[in-house]
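Working notes, structure below.
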Amino acid sequence: SEIDLRGNKLTGEGAKALGRALVENPGVARSFVAGQNQIGLPDGRGINELCKGLAVQTQLTRLDLSNCQLSGDAVSPICTVIRGAPLKHLDLRWNPLPPLAATKFLEAVRTLRSAPLVELNMEGCRQDDHVLAQIGRLLKENHYLKHDAAPTVLTKSSHLDFGRDTDAEPYLTERIAARENEFERKIAHMAEIVQRYRAELEQLRDEKRDRLALIRQRTKALTQMTLDSNEAGSDLDIVAKQSKEDLGKLKRQKEELDSTNEALRQELRQRVHALHQLVEANTEARGQMGYVHGGVADQLGQDRETQYWRAVA
């Protein structure tokens with residue numbers, strides 16, 4: 001039979017009573033819909049008792065616990081239902097589940113021997129997309145094992161859908177072409193930045209050569225002045241002292257110039273390294289475009305399956 005209790009303001013206390021009744025009547029429920037209730041409040045005892053009763057339902061194929069205020073206390077009990085009941089469709093949308101909930105569900109799905117589960121809806125649960133993708137692949141395999149027809153909606157996060165709709169191919173092609181054009185623009189922009197940095201580096205090198213040439217010229221002039229001062233007689237000490245002071249100033253200027261050039265070289269190396277990392281990131285993003293194609297391609301399929309099951313319900 002189908003049990004529909006959605007929107008009945010059901011709390012944890014009522015869920016306990018339901019759980020005990022289900023334990024005493026295994027196999028009574030084929031579909032259990034309890035969305036838009038408060039089963040997770042005030043604590044996790046209600047969902048724990050309810051899942052004990054659901055786990056022994058030998059004919060339960062659909063379970064809807066969407067928007068029921070379920071939190072971390074509900075993860076283990078729901079895993080028990082996944083392993084115990086022959087669920088095909090599990091709806092957990094819009095529940096404040098912890099970040100590791102999807103990982104626990106993935107472990108539960110992997111332990112299934114008969115592989116009945118083909119749909120897990122976790123929209124609005126803020127789970128890790130990588131883990132959801134792994135669940136989606138397992139559910140897709142389950143779907144192929146259980147049915148001859150092509151798979152429809154398999155699982156969903158806030159922005160991940162797994163499915164297939166050949167009517168969406170033109171739209172997907174347009175989206176992929178736009179993404180490729182965006183990558184091309186980014187690469188061209190990075191090339192411009194690299195070219196600009198190279199031009200700045202050449203300019204710094206030219207400035208360094210000019211300053212070194214000026215320092216050599218002044219050093220040579222001071223050396224000549226020193227030689228001339230030796231022949232100047234009474235002005236020798238004055239000229240020599242002045243020459244030493246000028247030479248010290250020039251040496252300090254040279255040291256400051258060398259320090260400035262070293263800082264500029266270090267900054268340039270950092271910018272070039274950052275550019276290399278950006279290029280590698282864009283290259284990796286290109287490699288993931290196939291996965292993006294699959295993810296976007298599956299989105300329309302999920303909406304059709306969701307509409308179908310809602311019509312059935």
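The values are calculated or read from the model by the stated rules, or taken from the named source; none is laboratory data. Computed from a predicted structure; not experimentally measured. Cβ sites come from the backbone with ideal geometry, for glycine too, and all protein chains shown count toward neighbours. The area values use the complete protein model at the heavy-atom level, side chains included, leaving out ligands, DNA and RNA. Shrake-Rupley method; radii C 1.70, N 1.55, O 1.52, S 1.80 Å.
For residues that are of a type outside the set (Asp, Glu) and open to solvent by 80 Å² or more (accessible area, probe 1.4 Å), scanning just region 192-213, find the one that is farthest from the chain's Cα centre (by Cα). Here the residue is 211.
Total residues in region 11-38 satisfying the condition of being of a type outside the set (Lys, Arg) and touching a strand residue (DSSP E or B) at 6+ places or on another chain (Cβ under 7 Å): the figure is 8.
Within region 194-229, being farther than 25 Å from residue 259 by Cα and of a type in the set (A, V, I, L, M, F, W, C) holds for 225, 227. Residue count for region 67-99 under the criterion of being more than 15 Å from residue 121 (Cβ to Cβ) and of a type in the set (Asp, Glu): the result is 1.
Only a single item in (1) open to solvent by less than 10 Å² (accessible area, probe 1.4 Å); (2) modelled with pLDDT under 90 is not met by residue 138, and it is number (1). Looking across region 88-103, the residues that are open to solvent by less than 10 Å² (accessible area, probe 1.4 Å), in contact with an Asp or Glu (Cβ under 9 Å, 6 or more places away or on another chain) and outside any helix (DSSP H, G or I) come down to 90, 92. For region 143-150, the criterion of being at pLDDT 85 or above and in contact with a Leu (Cβ under 9 Å, 6 or more places away or on another chain) is met by none of the residues.
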